[in-house]
Each structure stands twice: as structure tokens, then as C-alpha cells.
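Novice: Structure below; questions to follow.
The values are calculated or read from the model by the stated rules, or taken from the named source; none is laboratory data. What you see is a predicted model, and the numbers here were worked out from it, not measured in a lab. Note: ideal-geometry Cβ built from the backbone for every residue, glycine included; neighbour counts use all protein chains shown. Calculation scope for accessible area: heavy atoms of the full protein, side chains included, ligands and nucleic acids excluded. Shrake-Rupley method; radii C 1.70, N 1.55, O 1.52, S 1.80 Å.
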Amino acid sequence: MSVTILGIESSCDDTSAAVIRDGLLLSNVIASQSVHEEYGGVVPELASRAHQQNIVPVVKAALDRAGVDKRDLDAIAFTRGPGLLGSLLVGTSFAKGMSLGLRVPIVDVNHLHGHVLSHFIRRKEDDEVPEYPFLTLLISGGNSQLILVRNYNDMEILGATIDDAAGEAFDKCAKVMGLPYPGGPHIDRLAQEGDAQRFKFAKPRIPNLDYSFSGLKTSFLYTLRDAVKGDPDFVEKNRADLAASLQRTIIEILIDKLDKAVKQTGVTTVAIGGGVSANSGVRNAVAEYCKAHGIKAFIPERAFTTDNAAMVAIAGYFKYLDKQFCGYDEVPFARVTV
């Protein structure tokens, strides 16, 4: 008997809904919010209001594209956290209401688990998925973690950022350079035109497998501050080289700890996930590292790197099979680790 899951994602500023049947993706609809661009970052109140406007048409579009009637759903999976509480409340409340109306169970999903399990989303039956155990480098605006994945419900954080995440470093350094929000994609584009060896920035010396990017941000800021004193047009003249050098430094920090984690765990499969895994430099570096070390690499489709409901639906699908349902008294949470 087939199992059809509706996934709902509303942890930040993207409203998304997806339908998965027996692990196969039938639809994945995302409504992004452009209102935050003029503020240089996500405004929580505006985000939650936009979710309220978007969630009904987004869910309807997901069901229509999948060719699935809402009465044929077996469960509704939703992101319970971490994320912005106002945004999460919209998705959580909608999922509960729809569940009560249809009399089907709800499944709560950890947003970070969704990113890790995004590699199990299949478009066709013979799509390859990772074999347990595998190592995941989860990199986004809020998290930089190395996770040993033994099963869908058995994950161990081996290392995490002690301050800023890689995505924050990209976005905040981009802002200093006068680039629009979000800055990560602009850095990626410029880096492809620049000299990655032109500038040297500080790399933190953090023990074990933990990350730190605050020192790199400070080094980048001081480099620009000192150079602009002598040449007010310094940033404009060197924007591509600055972007390339920044991206190279972040990637070297990520790969260094990834290498240590691989040697420590002995895994033969590495996956990446999270918004920063859309960065072309990161994707190439991980692929090249894995090829050089005889390791299987899983690089996600870019559609599954940013916040999306397909990853929520697949995580919810696995929990549904184990009958791990959520009570209606459960509330969203803003912060948590894997």
C-alpha cells in the first residue's frame, strides 16, 4: 500500500509545500519573499505575514502539480524547528488544522534533519541514495556542522561552529563589499571572475572538528578598512579578487575539518547539505576531495540545498513508516542541534 506525504516548510522566509509518494517526489513548490532585500536581512514579522499569505496557494499548487487529492494524503509533515518562531507557527498551525480536517496524523520534522536527509529524495526509482553510515557537511547561514549519520533517526554531531556559520561569513562579508542581500550567490558569481590567491585572510585554529568564522570576518573587514584609507575605490577595483579569495579561504577551512572527520570516522561516503552547498566552489571542492580519496560524494540538486518542503516530506516519510507521529500539543522551537 502506497504512502503519500504532504510536507510543509516555513522555518524562515520561504514558504514551501511538497508531495512525496513512497519516497518519490511528485511536486515541490517554493514561494520566496523579496520584501527582505531592502532591509539587508530577514525581518521576522514580515516573514510570518508573508507565510500567512502564501501557505494556502502554495499547498494547493503542490497538490495540483502532484495530481493528488488532499483526501488521499496519509500524513502531513511540517517543520517544527529550528527557525523563526513566527514563521514556524504559521506552518505548524496550518499543518495541525489540515490534519484535523482530514483526520490524518501529523509528523514533526527537525529542519536540520531535513537538510541531511535531502539526499534520499528520489525523482525516479533507480536514483542512487547514500548508504549508512555516511558523513554530512551541513553548511548554511545558521549552521556549520559535521554530522555522522548512522540512520535517519541516529545522527551524531562531530563538530559545529563555535560562533558564526559559513553562510554568515559569506553574507556579512558581501554586505561590507556593498553587495545585495543575500550576498552568498553574489560572492559565488564574482569569485568565478577573480584571482583566489590575491588576498590572504586569517584562518582560525580551532581544536577538534569545530568551526569558527568570526576571525575570518574580522580579518576581511580590517583588510578592506585599511585598504580603503589609501584608495577609496579599492573595493570596486578589487571586488572579484576579494570574493574569490574569501571563497577560497572559507572552502579551505571547511575541507580541512572534513578531511579530519573522514580520517577519524573511516567513512567511505560524504554528503553536503544546506544553503551554502549551492556554492559552486564548495561543490567542486568537495567533489574533488572525494575523488582524490576514493570516497563516494553526494552533492544535492541546487533545488534541495535551500529551504524546501521536499526534504521535510522525505524526513516525515521515514518517521511515518515508524509511526512516529506528533501530538497536537507540541509547539515550534527556535533553536536546537541535530
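Novice: Let me check I've understood the local charge: for residue 88, count other residues with C-beta under 11 angstrom from its C-beta, Lys and Arg +1, Asp and Glu -1. What total comes out?
Specialist: Net local charge, residue 88 excluded: -1.
Novice: Please name whichever of 179, 121, 111 sits farthest to the positive end of the charge dipole of the stretch 110-193, dipole taken about the Cα centre and charges placed at Cβ: Lys and Arg +1, Asp and Glu -1.
Specialist: So the residue furthest toward the plus end is 179.
Novice: While we're here: If each Cα of the stretch 126-260 is one equal point scatterer, what is log10 of I(q)/I(0) from the Debye formula at q = 0.16, 0.20, 0.21 Å⁻¹?
Specialist: Taken in order of the listed q values, log10 I(q)/I(0) reads -0.82, -1.12, -1.20.
Novice: Just want the answer: with Cβ charges of +1 for Lys and Arg and -1 for Asp and Glu, which residue in 23, 276, 209 is farthest toward the dipole's positive end in the chain?
Specialist: 209
Novice: I would also like to ask the following. Mind ranking 255-264, 90-99 by how tightly packed they are, going by the mean number of other C-beta atoms within 10 angstrom, highest first? Provide the component values of the computation, followed by the final result.
Specialist: Details: 255-264: 16.1, 90-99: 21.0.
Packing order, densest peptide first, comes out as 90-99, 255-264.
Novice: Also, I was wondering about something else. Go through 86, 97, 66 and say which Cα lies farthest out towards the positive end of the charge dipole of the stretch 63-103; charges sit on Cβ, +1 for Lys and Arg, -1 for Asp and Glu.
Specialist: Projecting each Cα onto the dipole axis, the largest value belongs to 86.
Novice: Something else about it: In whole percent, how big is the carbon plus sulfur part of the accessible area of the chain, probe 1.4 Å, protein atoms only?
Specialist: Ligands and nucleic acids excluded, carbon and sulfur reach 50 percent.
Novice: Sorted from largest down, give the three principal axis spans of the alpha carbons of the stretch 179-338, whole angstrom values.
Specialist: The Cα atoms of the stretch 179-338 stretch 64, 40, 30 Å along their principal axes.
Novice: Under 9 Å from the Cβ of residue 109, count the other residues' Cβ atoms, weight Lys and Arg +1, Asp and Glu -1, and hand me the total.
Specialist: Here the charged neighbours net out to 0.
Novice: Sticking with this structure for a sec: Given the Cα-Cα distance of residue 89 and residue 56 and 0.36 nm per residue of separation, how much length would full extension add, in nm?
Specialist: 10.4 nm
Novice: Next question. Mind jotting down the three principal axis lengths of the stretch 82-156 based on Cα atoms? Whole angstrom, largest first.
Specialist: Extents along the principal axes, in whole Å: 38, 33, 21.
Novice: Tell me what the chain gives for mean residue ellipticity at 222 nm when only DSSP H runs of n ≥ 4 count, each as -39,500 (n - 2.57), the sum divided by the residue total, rounded to 500 deg cm²/dmol.
Specialist: Helix contribution divided over all residues of the chain: -14000 deg cm²/dmol.
Novice: Further question: If you build a Gaussian network model of the chain, linking Cα atoms that sit under 10 Å apart, which residue out of 160, 31, 292 swings the most?
Specialist: Of the options given, 292 has the highest mean-square fluctuation.
Novice: Taking a virtual spin label 7 Å from the Cα of residue 324 along the C-beta vector, which residues in the stretch 106-123 bring their backbone nitrogen under 17 Å of it?
Specialist: Correct set: 106-121.
Novice: Okay, moving on. If you take every residue apart from residue 70 with its C-beta less than 13 Å away from the C-beta of residue 70, what net charge results, scoring Lys and Arg +1 and Asp and Glu -1?
Specialist: In short, -1.
Novice: How large is Rg over Rh for the chain, taking Rg from the Cα atoms and Rh as the Kirkwood inverse mean of 1/r across Cα pairs?
Specialist: Ratio of gyration radius to Kirkwood radius for the chain: 0.99.
Novice: Distance in nm between label sites at residue 236 and residue 208, each 7 Å beyond Cα in the beta-carbon direction?
Specialist: Distance between label points: 4.8 nm.
Novice: Skip the ligands, DNA and RNA, and give the accessible area per residue of the chain with a 1.4 Å probe, whole Å².
Specialist: Roughly 44 Å² per residue, with all protein chains present.
Novice: Straight distance only, please: which lysines reach the Cα of residue 60 with their own Cα at less than 30 Å, same-chain residues fewer than 8 apart left out?
Specialist: Filter leaves 70, 96, 124, 319, 323.
Novice: Only four residue types carry charge here, +1 at the Cβ of Lys and Arg and -1 at the Cβ of Asp and Glu. Report the dipole size of the chain about the Cα centre in Debye, rounded to the nearest 20. Please list the in-between numbers first.
Specialist: Values: 36 positive and 41 negative charges, 44 e Å.
The dipole magnitude comes to about 220 debye.
Novice: A further question follows. By how many degrees, between 0 and 90 and to the nearest 10, does the Cα long axis of helix 166-176 differ from the longest principal axis of the chain?
Specialist: The two axes meet at around 50 degrees.
Novice: Could you tell me the relative contact order of the chain? Use alpha-carbon pairs under 8 Å, at least six residues apart, and round to a whole percent.
Specialist: Relative contact order for the chain comes out at 25 percent.
Novice: Right, another one. Using a cut-off of 15 Å between alpha-carbon atoms, which aspartates and glutamates can reach residue 260, once sequence neighbours fewer than 8 places away in the same chain are excluded?
Specialist: Result set, ordered by chain and number: 210, 252.
Novice: Near residue 263, which lysines are there with a Cα under 28 Å away, not counting those fewer than 8 places off in the same chain?
Specialist: 200, 203, 291, 296
Novice: With springs only between Cα atoms under 10 Å, which of 152, 289, 222 fluctuates most in a Gaussian network model of the chain?
Specialist: Of 152, 289, 222, the most mobile in the Gaussian network model is 222.
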